[in-house]
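For reference, the structure is listed below as structure tokens.
The values are calculated or read from the model by the stated rules, or taken from the named source; none is laboratory data. Fair warning: this is a prediction, and the values are worked out from it, not measured in the lab. A quick note on method: Cβ atoms are made from the backbone with ideal geometry, for glycine too, and the neighbour counts reach across all protein chains shown.
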């Protein structure tokens with residue numbers, strides 16, 4: 001089973017690189033800043049920044065019948081927030097299990 005590890009950053013040439021496991025729901029120009037998941041690794045929320053400086057989040061699930069592929073749960077990624085802090089607060093309000101995580 002493929003472990004989900006979606007990161008975005010600058011490579012040695014200064015270009016952006018993305019892990020191929022990134023969900024189709026997230027635009028490849030968005031930079032994932034945090035990926036918070038349950039201890040069971042079956043639910044995840046990604047916090048990201050768009051090129052225009054706005055922020056957003058998306059919730060994902062991973063089920064055995066889907067062969068471990070991360071699948072978006074709801075359509076949060078269309079919402080925009082002015083800061084990472086406000087995005088995390090909105091995600092905590094919208095995704096009940098997220099508020100239960102330590103240090104989230």
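Structure above, values below:
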| read-out | value |
| --- | --- |
| Conditions (1) over 12 Å from residue 46 (Cα atoms); (2) in contact with a strand residue (DSSP E or B) (Cβ under 8 Å, 6 or more places away or on another chain); (3) at pLDDT below 85: number failed by residue 104 | (1) |
| Residues within the range 44-90 that are touching a residue at least 40 places away in the same chain (Cβ under 8 Å), farther than 14 Å from residue 27 by Cα and touching a helix residue (DSSP H, G or I) at 6+ places or on another chain (Cβ under 6 Å), tallied | 1 |
